[in-house]
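Just so it is clear, none of the values below were taken in a lab; they were calculated from the coordinates. Model, not experiment: these values are computed from the prediction. Every residue, glycine as well, gets a Cβ built from its backbone with ideal geometry; the counts of neighbours run over all protein chains shown.
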Amino acid sequence: MTNVVRYLTHPQVNIDPSVPVPRWGLSEVGKARTEAVTATGLLSGTTQVISSGERKAIETAEIIAAKMGVDVEVREAMHENDRSATGFLVPDEFEAMANQFFGHPHTSIRGWERAIDAQLRIVREVEHVLSRNTPGDVLLVGHGGVGTLLYCHYSGLGIDRAHDQPAGGGCFFAFTSHGRRVLHGWRRLEEL
C-alpha cells in the first residue's frame, strides 16, 4: 500500500534579530494558520509527524500532532540550511544570498552550507524515516530552503530557486511513500 508523504514548511514566525534564527518561534498568524489546518481533518490518515529540531518547526508539528493524537519525532538533521556564518540578514540581503545559494549549489556562499550538502542531508533524513515502512501517511515539518531541495530531488529537477515555495511559508508538497512519485508541487497549507 502506498501512503502519502507531505513536506510542510512552518508558517510565519516572530522575527527577532537578537535571537538565533533556529530559536525563532511561530507568530500569532503562524499559529492561527496551523490551527486552522488541524480543523479540516484532511491529515486524519497521518500516523507519523516528523519535525526539524528548530523551534518554529517543532511548534508547527506539535500543534498538528496534538490534534491528531500522535507524537512528534524530532530529527535534528532536518534543520534549515546552515546560515550561521552570516546570522540574521535584512530581507533584501537575505533574498540576494538565497538566490546565490540556489544558483551556485556546489559553492559555499559567505560560509553558508552548500545547497548540494543540504540536499544530501535532508534526503538522507527523509529516506531514513521512510525506510521504516510504518503504515499510514507521513507529515514532515521543516523549512523552505531544504524543502525546496527535497522537492527538486524527488521531482528529478536540478537545484533551482524557481522551484521554491510561494513567499510567506506554510506551504507543502506531497509524494508517494513507495516510488517517491511527486503528487503535486507547492500549495499553501490552507489547501490541505
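Multiplying the sequence separation of ALA96 and LYS31 by 0.36 nm and subtracting their Cα-Cα distance, what value in nm do you get?
20.6 nm
Where q = 0.14, 0.30 Å⁻¹, what log10 of I(q)/I(0) comes from the Debye formula for segment 1-49, counting one point per Cα?
Listed by q, the Debye log ratios stand at -0.49, -1.16.
Where both residues lie in the chain, what percent of DSSP beta bridges are antiparallel, nearest 5?
40 percent
Test of understanding: in a Gaussian network model of the chain with alpha carbons linked when under 10 Å, which of ILE122, ILE109, ILE58 would top the mean-square fluctuation ranking?
For the chain, modelled as a Gaussian network with Cα springs under 10 Å, the answer is ILE109.
Taking the beta-carbon count within 10 Å as an exposure proxy, list SER18, SER131, SER51, SER27 from fewest neighbours to most.
Fewest-to-most ranking of SER18, SER131, SER51, SER27: SER18, SER131, SER27, SER51.
222 nm [θ] for the chain, helices only, -39500 (n - 2.57) per DSSP H run of 4+, per residue, to 500?
-11000 deg cm²/dmol
How would you classify the chain from its alpha-carbon gyration tensor, with a ≥ b ≥ c the square roots of the eigenvalues: rounded for a/c under 1.5, else prolate if a/b is greater than b/c, otherwise oblate?
Here the chain falls in the oblate category.
Given R₀ = 30 Å, FRET efficiency for ASN133-GLU191 by Cβ-Cβ distance, to 0.05?
The value I calculate is 0.60.
So for MET97, MET78, fewest C-beta neighbours within 10 Å to most, what's the order?
With the fewest neighbours first, MET97, MET78 line up as MET97, MET78.
If contacts are Cα pairs under 8 angstrom and at least 6 residues apart, what is the relative contact order of the chain in percent?
32 percent
Taking R0 as 30 Å, what FRET efficiency do you get between ALA39 and VAL19 from their Cβ-Cβ distance, rounded to the nearest 0.05?
E(calc), rounded to 0.05, equals 0.50.
Once a ≥ b ≥ c are taken as the square roots of the eigenvalues of the Cα gyration tensor of segment 66-141, is the result rounded (a/c under 1.5), prolate (a/b larger than b/c) or oblate (a/b not larger than b/c)?
Here segment 66-141 falls in the prolate category.
What list do you get for LEU192, LEU8 if you sort them by fewest beta carbons within 10 Å?
LEU192, LEU8
Let's see if you can work this out: charge +1 on each Lys and Arg Cβ, -1 on each Asp and Glu Cβ, no other charges. What is the dipole magnitude of the chain about its Cα centre, in debye to the nearest 20?
I would put it at about 380 debye.
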